Amino acid sequence: MQNNKTLHWVLGGLALLVLPLVLQYFGNAWVRIADLALLYVMLALGLNIVVGYAGLLDLGYVAFYAVGAYMFALMASPHLAETFEGFAAMFPNGLHTSIWLVIPLGMLLAAGAGVLLGLPVLRLRGDYLAIVTLGFGEIIRIFMNNLDQPVNITNGPKGIGQVDSVKIFGLDLAKRQEIFGFDIASVTLYYYLFLALVLFTIVICYRLQDSRIGRAWMAIREDEIAAKAMGINVRNMKLLAFGMGASFGGVAGSMFGAFQGFVSPESFSLMESVMIVAMVVLGGLGHIPGVILGAVLLSALPEVLRYVAGPLQEMTGGRLDASILRQLLIALAMIVIMLLRPRGLWPTPEHGKNLSRPS
C-alpha cells in the first residue's frame, strides 16, 4: 500500500515536470495558461488560510496581490529613477533588486497590509466582514490608479512597464534557453519557478493545518465564543490568519509582475477577488487538494472555453460577443457544480461530519 502511494507521488511529480515540455509543442500560449494557473493556485491557498481555516470571508484578497506586484515593479524597473532626480543620482539605471530580496519583502509587505486590514475588522463577522474587505480591495485598486498625482509613484492607469524578469544564479528566465539539446521557452522556465513556489506553499499550508495554530483557526471557524472560552487568543489568531494568507498573495503578485513585465491597476479588479474566492469555495473549503483543483479548473476554464465560444458565436451569426458567451458558460458550469456538489468538488472529509455516534 505504501509502495503504491509512493509510486503515485513519483508519477505525479514526473507528470508535472514533463507537462510544460509537452504543452510547448502545442504553442507557448498553453504553457502560459499553466503558469497563470500556478499563480492562482498560490493565491487560492493563501486565501484558504483566511476563509477555509479561520472562517473569515475576505473579498478584498486581490489587494495583497496588487501590493506584491507593485512592490516588485517599483523595485525592479527604471520608473523611480525616471520620476525622482535624487533617486536617479543614486541609481542612474533604476533599482534592479534581486529575487532573493524581493520574495521575502513581498511576503512581509503583504503580511503587514493583511494585519492592517485585520485590525479594524476584528469584531466583524459574515456579511459585514465581507463588505469591509471588499471595500479595502477596491480602495487599494483606486489608490494605485490615482497615485500619479501630485507625486508620480504608480504611474496611474498607464501602469509601470520595463519591469525586470527573474534572474536566478545568472539564469535570465525571460530568455529562451537550450539545455541538453532541448529548446526551453521563457514561459517554461517560469513554470518551474512557479511550481517550486507552489510546492513550498503547499508544504507550509499542510504544516499550518496540522499545527496548534491551524487547529485554533478551525476552532474559531466553528465557534468563536467556544474558542475564546477554551483560552484561544481569538484576536491574535485572526490577525495571524490575515497576515499569513496575505503573505502568499504578496509573493504571487511579485511573481506576476516579473512574469508580465508590466503592472497596471486593471489586473486587480473586484472580479479577480471574486474568482479567487470561487476557486476556494468550488474546490472545497479548508481542503488543500480541493482548493488546488478549484484553482486549476477556474483559471484554465476561461482559456479553454475560448475555443468553444468562437464556434457558438458563429452559430448565432455573430450576434453574441465571444467574451460574454465565455463568461456565460463559466457561470453555468459553476452553477451546475454547486448544485451537484454543494460542499465543493473535493471537500475535506472532516467538514460537516456528524458528531452523533450510532448506539
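Data for the structure
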{"quantity": "Those residues of the stretch 328-343 which are open to solvent by 60 Å² or more (accessible area, probe 1.4 Å) and of a type outside the set (Val, Ile, Thr), in sequence order", "calculated": "Leu328, Leu332, Met338, Leu339, Leu340, Arg341, Pro342, Arg343"}
{"quantity": "Selected residue (criterion: farthest from Val263 (Cα to Cα)) from residues of the stretch 119-137 that are at pLDDT 90 or above and touching a helix residue (DSSP H, G or I) at 6+ places or on another chain (Cβ under 6 Å)", "calculated": "Val132"}
{"quantity": "Count of the stretch 260-276 residues which are buried (at least 24 other Cβ atoms within 10 Å of the Cβ) and in a helix (DSSP H, G or I)", "calculated": "3"}
{"quantity": "Helices (runs of 4 or more DSSP H) within the stretch 19-101 that include 1 or more residues closer than 20 Å to Ser165 by Cβ, of a type in the set (Lys, Arg) and open to solvent by 10 Å² or more (accessible area, probe 1.4 Å)", "calculated": "28-48"}
{"quantity": "Given (1) open to solvent by 40 Å² or more (accessible area, probe 1.4 Å); (2) within 25 Å of the chain's Cα centre (by Cα), number of the condition Gly231 does not satisfy", "calculated": "(2)"}
{"quantity": "Search result, residues across the stretch 126-144 that are open to solvent by 50 Å² or more (accessible area, probe 1.4 Å) and either under 17 Å from Ser267 (Cα atoms) or not acidic (Asp, Glu) (or both)", "calculated": "Tyr128, Ile131, Val132, Leu134, Ile139, Arg141, Ile142, Phe143"}
{"quantity": "Criterion (at pLDDT 90 or above, open to solvent by 80 Å² or more (accessible area, probe 1.4 Å) and under 18 Å from Leu80 (Cβ atoms)) met by exactly one of Leu105, Leu109", "calculated": "Leu109"}
{"quantity": "Flag for Ser165 being modelled with pLDDT of 90 or more, of a type in the set (S, T, N, Q) and open to solvent by less than 40 Å² (accessible area, probe 1.4 Å)", "calculated": "no"}
{"quantity": "Those residues of the stretch 277-327 which are in a helix (DSSP H, G or I), over 24 Å from Leu43 (Cα atoms) and open to solvent by 60 Å² or more (accessible area, probe 1.4 Å), in sequence order", "calculated": "Tyr307, Val308, Pro311, Glu314, Met315, Ile324"}
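The values are calculated or read from the model by the stated rules, or taken from the named source; none is laboratory data. Bear in mind the structure is a predicted one, so any value in this text is a computation, not a measurement. No Cβ is skipped: glycine too gets one built from the backbone with ideal geometry, and neighbour counts run over all protein chains shown. Keep in mind that these areas ignore ligands, DNA and RNA; they rest on the heavy atoms of the full protein, side chains included. Shrake-Rupley method; radii C 1.70, N 1.55, O 1.52, S 1.80 Å.
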